[in-house]
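The values are calculated or read from the model by the stated rules, or taken from the named source; none is laboratory data. Since the structure is predicted, the reported quantities are computational estimates derived from the model, not experimental observations. Note that each Cβ is placed from the backbone with ideal geometry, even for glycine, and that neighbours are counted across all protein chains shown.
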Amino acid sequence: MKITRVEPYLTSDMRSNAVFLKIETDAGITGYGEATNHFLPQASFGMLQDLIPYLIGEDPERIEYLWQACFRRRFYRGGPATGAALSAIDMALWDIKGKAHDMPVYQLLGGLARTKVRLYGHVTGRSAEEIAEQARQRAARGITAIRFRGFHDYDDVDLHDHRLAVEQQVAYTAAIREAVGDKIDIILECHGRYDPEWAIELAKRVEGFRPIIIEDPIRHENPEALAQVRAHTPLPLATGERYHNKWEFRELVVNQYVNYLRPDICHCGGISEIRKIAALGEIYYQNLILHNNAGPLGTAASLHAALAMPNVMLLEAPWVNGAGETDVVGPYPEVVDGYALPLEGPGLGITFDEALAASKPFKPSLQPRLDALDGSVRDF
């Protein structure tokens, strides 16, 4: 079997802009992958175009070989665009392999390490009352872990102030805990906005509300700075959604700066690479809480990997928030009692509407341009 054609799509699904990939073979088997990076869509699309020549004429079942070829034959390596492009290629190759052997991808990865995957949903809001009501709604649907970041009202006016943000997150955490009781886990998302001293202040003030993790407490450029936060709080820490391969995770893991790793299968190099990141974490007894803001395609890849890896605790599930509409790719996994069930059928178990993807124009968008009260730049 040989790869005959590779086509990337820079398109718009109902949820947002998306980057997809189709790989065709001379055996009539087609695989699909996702390279969606909501902040660098055009860069991810361009990197896919650069990598196509490394794939044409190759055997699609040589997944590891092609991953290495696309990464190591490039003089400049790493970064978000490369990570996203490799992710889409890797997913599509696993999709082809599963279809060629008529089995779900998780079976090719060693079979079910678990029979279902626990999910967490999101809550958003511009007041403690609004965010508490959303938390009650998620819990009523059977979701047992809830993530929130706050800040949405400050995003509206392009502002980030550490003191104001800490005050808001403390108030929102208290409201959520009161709304859902003690049996629901709370994930406190900081979005990498705080300097270490403010992350420490936040951790001290929310400790009594027992969040299961503090996610991305500080900026991601210098992982060693996490040691400051870790030394001042007993609360578990997690980070990783902005890392793009196993080498970038190495420092986090071997220095044990965090309790949980948060790779994103659409950002970190796909199914093949996320398994290596998981294995590295397993050595240090670190579990994975998988970041996932993708639609059904990236979600399917995340689910197959999570089902087959031993040290996965949670999978992010934006679609359980009640806004899971999609039209280019489907379906989302079935959810029962807060757990995603395996997708069946060969490959990734999804369908892809090529004509619709080709017909939906990409719509450029900007993220908030946050400043401090004094007019200096702050992190989104």
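Might you check whether a residue that is of a type in the set (S, T, Y), touching a strand residue (DSSP E or B) at 6+ places or on another chain (Cβ under 7 Å) and closer than 29 Å to A179 by Cα occurs anywhere in region 252-261? Checked region 252-261: at least one residue is of a type in the set (S, T, Y), touching a strand residue (DSSP E or B) at 6+ places or on another chain (Cβ under 7 Å) and closer than 29 Å to A179 by Cα. If you go through region 304-336 and keep only what is closer than 18 Å to E241 by Cβ, more than 15 Å from the chain's Cα centre (by Cα) and modelled with pLDDT of 95 or more, you end up with M309, N311. So is T299 outside any helix (DSSP H, G or I), of a type in the set (V, I, T) and either in contact with a Ser or Thr (Cβ under 8 Å, 6 or more places away or on another chain) or not assigned by TED's automatic domain parsing to the domain that holds F71 (or both) or not? Considered against the rule, which asks whether it is outside any helix (DSSP H, G or I), of a type in the set (V, I, T) and either in contact with a Ser or Thr (Cβ under 8 Å, 6 or more places away or on another chain) or not assigned by TED's automatic domain parsing to the domain that holds F71 (or both), T299 comes out as no. Checked against (1) touching a His at 6+ places or on another chain (Cβ under 6 Å); (2) part of a loop (DSSP other than H, G, I, E, B); (3) small (G, A, S), G83 meets all criteria but (2).
Taking region 328-340 as the range and being over 12 Å from A317 (Cβ atoms) and in a loop (DSSP other than H, G, I, E, B) as the test, the residues that pass are V328, P331, D337. Would you be able to say whether some residue in region 353-360 is of a type in the set (S, T, Y) and part of a loop (DSSP other than H, G, I, E, B)? No; the residues of region 353-360 include none that is of a type in the set (S, T, Y) and part of a loop (DSSP other than H, G, I, E, B).
Every condition in (1) outside any loop (DSSP other than H, G, I, E, B); (2) closer than 21 Å to G349 by Cα; (3) touching a Leu at 6+ places or on another chain (Cβ under 7 Å) holds for P60 except the one numbered (1). Here the condition is being of a type outside the set (V, I, T), surrounded by fewer than 21 Cβ atoms within 10 Å (Cβ to Cβ) and assigned to a loop (DSSP other than H, G, I, E, B); of R369, R275, it holds for R369 alone.
Just a yes or no: is a residue in region 242-253 in the same structural domain as G121 (by TED's automatic domain parsing), under 22 Å from H152 (Cα atoms) and crowded, with 19+ Cβ neighbours inside 10 Å? It would help to see each step written out before you state the result.
Just the residues of region 242-253 that are in the same structural domain as G121 (by TED's automatic domain parsing), to begin with: 242-253.
If we keep only those that are under 22 Å from H152 (Cα atoms) too, we end up with 242.
Checking the rest, the ones that are also crowded, with 19+ Cβ neighbours inside 10 Å come to 242.
Yes, region 242-253 has at least one match.
Scanning region 11-28 for residues that are buried (at least 16 other Cβ atoms within 10 Å of the Cβ) and at pLDDT 95 or above yields V19, F20, L21, K22, I23, E24, T25.
Against the numbered list (1) within 24 Å of D90 (Cβ to Cβ); (2) at pLDDT 95 or above; (3) not assigned by TED's automatic domain parsing to the domain that holds G270, A357 comes up short only at (2).
Test of understanding: among T36, T25, which residue is of a type in the set (S, T, Y) and over 22 Å from the mean Cα position of the chain (by Cα)?
Residue meeting the stated conditions: T25.
Based on this model, can you work out whether E178 counts as loosely packed, with under 15 Cβ neighbours inside 10 Å and modelled with pLDDT of 95 or more? For E178, the condition - loosely packed, with under 15 Cβ neighbours inside 10 Å and modelled with pLDDT of 95 or more - is met.
In this structure, is G78 in a loop (DSSP other than H, G, I, E, B), surrounded by 14 or more Cβ atoms within 10 Å (Cβ to Cβ) and within 21 Å of the chain's Cα centre (by Cα)? Against the criterion (in a loop (DSSP other than H, G, I, E, B), surrounded by 14 or more Cβ atoms within 10 Å (Cβ to Cβ) and within 21 Å of the chain's Cα centre (by Cα)), G78 qualifies.
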